[in-house]
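Note sheet for the following structure.
The values are calculated or read from the model by the stated rules, or taken from the named source; none is laboratory data. None of these values were measured; they are calculated from a predicted model. Glycine also receives a Cβ, built like all others from the backbone with ideal geometry; neighbour counts cover every protein chain displayed. We work out accessible area using only protein heavy atoms, side chains counted, and drop any ligands, DNA or RNA first. Shrake-Rupley method; radii C 1.70, N 1.55, O 1.52, S 1.80 Å.
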2 protein chains.
Amino acid sequence: MTSSSASPQDPPSASALDRFHAVIPAGGVGTRLWPLSREGAPKFLHDLTGSGSTLIRSTYERLFPLSGHAVMVVTGEAHGEAVLGQLPELRTADLVLEPEPKDSAAAIGLAAAILHARDVAAGRTGAEGTIMGSFAADHVIAPVPLFRDAVGQAVATAATGKIVTIGIKPTHPSTAFGYIRTGEHFPVPDAPDAHQVIEFVEKPGEQVAQDYVASGRYLWNAGMFVAPVALLLDHLAAAEPDLYAGLTEIAAAWDTADQTEVMARIWPKLPKTAIDYAVAEPAADAGDVAVIPGTFTWDDVGDFAAIARLNPAAQQENMTVLGTKPRVYSEDSSGVVVSETQRVVALIGVQDIVVVDTDDALLVTTTDHAQSVKQAVKALKEKGDSDVL
Amino acid sequence: MTSSSASPQDPPSASALDRFHAVIPAGGVGTRLWPLSREGAPKFLHDLTGSGSTLIRSTYERLFPLSGHAVMVVTGEAHGEAVLGQLPELRTADLVLEPEPKDSAAAIGLAAAILHARDVAAGRTGAEGTIMGSFAADHVIAPVPLFRDAVGQAVATAATGKIVTIGIKPTHPSTAFGYIRTGEHFPVPDAPDAHQVIEFVEKPGEQVAQDYVASGRYLWNAGMFVAPVALLLDHLAAAEPDLYAGLTEIAAAWDTADQTEVMARIWPKLPKTAIDYAVAEPAADAGDVAVIPGTFTWDDVGDFAAIARLNPAAQQENMTVLGTKPRVYSEDSSGVVVSETQRVVALIGVQDIVVVDTDDALLVTTTDHAQSVKQAVKALKEKGDSDVL
């Protein structure tokens, strides 16, 4: 259909990848990781795997071989400086700062709208338009080559005019994630694993989760979306016309002198909704969504139990110990210690313990109660201890 | 026997109390209370009961109605200033600073020797000589009137020419304390509860401890000794002649310009032994020891389990919380938190937990493991973390 000059020998995925622009939404505090994650220092700004890199830096480096410098980050105004500190290569025009949190449809939608406006300005239309791929800043993925292969297949599939998600092959019947119900194999050259998506389903109960996993037809929804920006915006316009109109107005002013003023005026009025409701689910209903099953391990580092799981290399006997210069002494104990101070931490006879030691706050809980940290943070806020949140 | 001018109406205990001089040995770090207790800030310098007073101040105030200003403190050189800070009323001549720890026989023996030297210099002999009463600086006692009654009886009994201990009526078959085997009632006016002591016995095993308590004839040895200083020194001279000779030489120079020089020269050479071996046990074998059973509650605050036990008033729901300005949030948790910092401490789903939060060290253990803190401190020392000990 296009006047592409690619020779028949060129793999379609190679030319599709030329259209690829990575988008990294870096929002969310990660309340279940308090007091490590804070409003001022959210999860993605921490090294939670002992890799030496923050999660956002790791995300960037994971994508770089595919995207090169075509990377956009959407984050809160308060974190702009910290993000640039982590990603000095990032072009300032590709750093989108939200005056306030507006959920994922606005964040990802604005990235799509800006990229589309640039396409229009540059005369790139149809099969030349940008294919964006959105990947959260705070997920942990390994091995990276398997991830890159899945993204490559997703981009190739998106190039056929699909919204493509990468679903994770479940390792256990988790009730903490939404699921993707897969359909027939979807024939795409360079994307041998592509399948149709029948529907997205919410976090299930335990029995349903077990049935899902046993069926072999469900994948975890990891919130990864790869799509031609024009197609994504079409679906957004249909499902959320007000949001679409606002984002289009901001995008028209982007890269101009009016950018800041228009953003400040329009953004606060935008509706708050998730990209799943605004785009993915209606697009799936329309038969417009495909999925690449990801066989890599994936963790959204939802709580401190995840930290223990993700850091086998940091184990001192039965304790996972994280920190720049941890001074941890443990006897007859197991669990995880995150030490952000130079204090000596002595643990005696405590099992599956979680100790997070920071300058102004200390958490002591167990891996079994890791999910309850969110309620504790809520209670601290109500108690007036917001200075440590 | 004496030329006392007391009328027959005067209670003998009143005149005996005139001879009373309290001695407070303030030694021992309280390693099981690390990181609250330190080499630089031992147990007796802390308020461990939420009373608003340090243990040594409470000890002083408990004795003051009996002793007035006749109080001597024996402590390490490093703690002299802190002790004076707690006891500004203390006469400097009654502050005995040990150049190094030498165990209780040297500490209590030196107090006796100094008080005896003063008696000799003042021409007080025989039934006019000082009766000392030695009470550790770091014990918790209540109600105080019962304690004072026991001390009054002990002084009256000591005035008959006995070494008197105050033994605690056991509330449970503890294996953490030595026991006192009591004999016949010992007739002393003004000391209706006095009994002979048959022997002191070491910390027993569980079965033996149960037998002791069941017999009703055993008391806990709380290390409280009340005795005429001349009699105490006689027994010390017999059992530990070298120690006695050294202490006598120091005492002769006390209250003179040579005090410091002689102390520095003699003290380091003194043998290290406990007052129990050097005086109490041989004196008991000689039939020279009596006991007043104490019906007050007594706790040597041996570990953090004791702290929880001693602070019912500091409970927030199921947590005992101690500290100047604790900011403790607990959910589905029980145990004890000692907060020496201004940090928020959040506890979720931890039972019988012990958290001690200080500027440079953090302890997390359980009340069941409270006794193990001593080994942890030893391990930290071996590891090179002595800066926090």
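In region A:324-338, what residues are surrounded by 22 or more Cβ atoms within 10 Å (Cβ to Cβ) and more than 10 Å from every other protein chain (Cβ to nearest Cβ)? Within region A:324-338, A:VAL336, A:VAL338 qualify. As for region B:90-99, it holds no residue that is of a type in the set (Ser, Thr, Tyr) and surrounded by 17 or more Cβ atoms within 10 Å (Cβ to Cβ). Name, by its number, the condition in (1) modelled with pLDDT of 95 or more; (2) open to solvent by 60 Å² or more (accessible area, probe 1.4 Å); (3) closer than 22 Å to A:HIS21 by Cβ that does not hold for A:ALA278. If we test A:ALA278 against (1) modelled with pLDDT of 95 or more; (2) open to solvent by 60 Å² or more (accessible area, probe 1.4 Å); (3) closer than 22 Å to A:HIS21 by Cβ, just (2) comes out false.
Taking the conditions (1) in contact (Cβ under 8 Å) with a residue 60 or more places away in the chain; (2) surrounded by 15 or more Cβ atoms within 10 Å (Cβ to Cβ); (3) aliphatic (A, V, I, L, M) in turn, B:ALA176 satisfies each one other than (2). When the residues of region B:359-389 are filtered to those that are more than 8 Å from every other protein chain (Cβ to nearest Cβ) and of a type in the set (S, T, N, Q), the one that is surrounded by the fewest Cβ atoms within 10 Å (Cβ to Cβ) is B:SER386.
Only a single criterion out of (1) in a loop (DSSP other than H, G, I, E, B); (2) within 8 Å of another protein chain (Cβ to nearest Cβ) is not satisfied by B:ALA346, namely (1).
Only helices (runs of 4 or more DSSP H) whose full extent lies in region B:225-319 are considered here, and the ones with at least 3 residues that are in contact with a Gly (Cβ under 8 Å, 6 or more places away or on another chain) are B:229-239, B:241-253.
Restricting A:LEU33, A:LEU55, A:LEU17, A:LEU84 to those that are more than 29 Å from A:VAL336 (Cβ to Cβ) and in contact (Cβ under 8 Å) with a residue 40 or more places away in the chain reduces the list to A:LEU17. Within region A:335-361, the set of residues being in contact with a His (Cβ under 7 Å, 6 or more places away or on another chain) and among the hydrophobic types (A, V, I, L, M, F, W, C) comprises just one member, A:ILE348. On inspection, A:VAL229 fails the criterion of being farther than 25 Å from A:GLY123 by Cα, within 23 Å of the chain's Cα centre (by Cα), open to solvent by less than 10 Å² (accessible area, probe 1.4 Å) and touching a residue at least 12 places away in the same chain (Cβ under 8 Å). Scan region A:149-171 for residues that are part of a loop (DSSP other than H, G, I, E, B) and either open to solvent by less than 10 Å² (accessible area, probe 1.4 Å) or of a type outside the set (Lys, Arg) (or both) and the total you get is 5.
Test B:HIS185 against the criterion of being over 23 Å from the mean Cα position of the chain (by Cα) and not basic (Lys, Arg), and give yes or no. Yes; evaluated as a whole, the condition is true for this residue.
Of all residues in region A:133-148, which are surrounded by 16 or more Cβ atoms within 10 Å (Cβ to Cβ), not in a loop (DSSP other than H, G, I, E, B) and not aromatic (Phe, Trp, Tyr)? A:GLY133, A:SER134, A:VAL140, A:ILE141, A:ALA142, A:ARG148 - these are the residues of region A:133-148 that are surrounded by 16 or more Cβ atoms within 10 Å (Cβ to Cβ), not in a loop (DSSP other than H, G, I, E, B) and not aromatic (Phe, Trp, Tyr).
For the structure I just gave you, tell me whether B:VAL355 is crowded, with 17+ Cβ neighbours inside 10 Å, assigned to a strand (DSSP E or B) and either facing chain A (nearest Cβ under 9 Å) or in contact (Cβ under 8 Å) with a residue 12 or more places away in the chain (or both). Yes.
Residue-wise test of (1) of a type outside the set (Gly, Ala, Ser); (2) open to solvent by 60 Å² or more (accessible area, probe 1.4 Å); (3) in contact (Cβ under 8 Å) with a residue 40 or more places away in the chain.
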position: B:LEU236; (1), (2), (3): yes, no, yes
position: B:ALA239; (1), (2), (3): no, no, yes
position: B:ASP255; (1), (2), (3): yes, yes, yes
position: B:ASP258; (1), (2), (3): yes, yes, no
position: B:PRO271; (1), (2), (3): yes, no, yes
position: B:ALA283; (1), (2), (3): no, no, yes
position: B:ASP288; (1), (2), (3): yes, no, yes
